[in-house]
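Report on the structure given below.
The values are calculated or read from the model by the stated rules, or taken from the named source; none is laboratory data. Keep in mind that this is a model prediction, so the values were computed, not measured. No Cβ is skipped: glycine too gets one built from the backbone with ideal geometry, and neighbour counts run over all protein chains shown.
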Amino acid sequence: MRARDKAAVSALRGTLAALDNAEAVPVDGAVPRAAALEASPVGAGATEVARRELSEREMVDVVRAEAAERLEAAAHLTAPVHADRADRLRAEAAVLLRFLDGSGDGAEGA
């Protein structure tokens, strides 16, 4: 990462955000959204909910989906004007797939 590999940084940031989103707790639709102010929870952390813990399988699925999404987007960018963007998306997918294969452990450059 010290070499400022833009494809790796972009892929990892996006995937970390996707993992963070996957840990979010679904909002219960039965709970009313608006209520009287006096019925509101009070105090620091009163509205916080523990996040879900993803299993290793779920994390792998998220990373695999992120790689597939990048490859699919690259496949749709067929115009020559989009060649650079398609190449960058393929490079990002390759970074994610390397992590899934175990060869992208982040030890390089450390």
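Quick check, is R88 surrounded by 14 or more Cβ atoms within 10 Å (Cβ to Cβ) and either among the charged types (D, E, K, R) or modelled with pLDDT under 95 (or both)? In short, yes. For region 79-93, enumerate the residues that are in contact (Cβ under 8 Å) with a residue 40 or more places away in the chain and under 13 Å from K6 (Cβ atoms). Within region 79-93, R88, A91, E92 qualify.
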